[in-house]
Amino acid sequence: MASTGKCPFCGATVTSDHKNCPECGAVNQHYVIDSPTRIMNPRTISQLKEY
(Lines give C-alpha, C1' and ligand atoms only; values in the text may rest on other atoms or scores of the structure.)
Protein backbone atom coordinates (compact mmCIF):
# COMPACT_ATOMS: atom_id res chain seq x y z
CA MET A 1 0.00 0.00 0.00
CA ALA A 2 1.31 3.44 -0.89
CA SER A 3 2.24 5.80 1.90
CA THR A 4 0.98 9.38 1.84
CA GLY A 5 2.93 12.54 2.59
CA LYS A 6 3.24 16.21 1.76
CA CYS A 7 5.39 17.83 -0.90
CA PRO A 8 8.08 19.90 0.86
CA PHE A 9 7.84 22.59 -1.82
CA CYS A 10 4.11 23.24 -2.30
CA GLY A 11 2.45 21.18 0.45
CA ALA A 12 0.35 19.05 -1.91
CA THR A 13 -0.49 15.48 -0.94
CA VAL A 14 1.72 12.91 -2.66
CA THR A 15 1.96 9.14 -2.34
CA SER A 16 4.96 6.85 -2.64
CA ASP A 17 3.59 5.85 -6.07
CA HIS A 18 4.09 9.37 -7.48
CA LYS A 19 7.52 10.00 -8.96
CA ASN A 20 6.83 13.74 -9.01
CA CYS A 21 4.44 16.01 -7.15
CA PRO A 22 1.16 16.22 -9.09
CA GLU A 23 0.86 19.95 -8.32
CA CYS A 24 4.32 21.48 -8.78
CA GLY A 25 6.30 18.66 -10.43
CA ALA A 26 8.99 18.50 -7.74
CA VAL A 27 10.78 15.16 -7.33
CA ASN A 28 9.10 13.05 -4.64
CA GLN A 29 11.79 12.04 -2.13
CA HIS A 30 9.60 9.18 -0.86
CA TYR A 31 8.95 7.61 -4.27
CA VAL A 32 9.08 3.81 -4.22
CA ILE A 33 10.02 2.27 -7.56
CA ASP A 34 8.45 -1.12 -6.92
CA SER A 35 5.53 -0.98 -4.53
CA PRO A 36 4.50 -4.36 -3.05
CA THR A 37 1.33 -4.50 -5.17
CA ARG A 38 3.36 -4.14 -8.36
CA ILE A 39 5.90 -6.86 -7.57
CA MET A 40 3.61 -9.33 -5.78
CA ASN A 41 3.24 -12.62 -7.59
CA PRO A 42 0.35 -14.49 -5.92
CA ARG A 43 1.12 -18.17 -5.39
CA THR A 44 -1.92 -19.27 -3.38
CA ILE A 45 -5.64 -18.53 -3.50
CA SER A 46 -5.45 -16.47 -0.30
CA GLN A 47 -2.58 -14.38 -1.73
CA LEU A 48 -4.56 -13.87 -4.91
CA LYS A 49 -7.55 -12.61 -2.90
CA GLU A 50 -5.25 -10.13 -1.07
CA TYR A 51 -3.83 -8.95 -4.38
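Brief remarks on what is shown
- Electrostatic bookkeeping for CYS7 treats Lys and Arg as +1 and Asp and Glu as -1; over the other residues with beta carbon under 13 Å from its beta carbon, the sum is +1.
- Residue order for HIS30, HIS18 - accessible surface, 1.4 angstrom probe, largest first: HIS30, HIS18
The values are calculated or read from the model by the stated rules, or taken from the named source; none is laboratory data. Values in this document were obtained by computation on a predicted structure and should not be read as measured data. As a convention, Cβ positions derive from the backbone with ideal geometry for all residues, glycine included, and neighbour counts pool all protein chains shown. We work out accessible area using only protein heavy atoms, side chains counted, and drop any ligands, DNA or RNA first. Shrake-Rupley method; radii C 1.70, N 1.55, O 1.52, S 1.80 Å.
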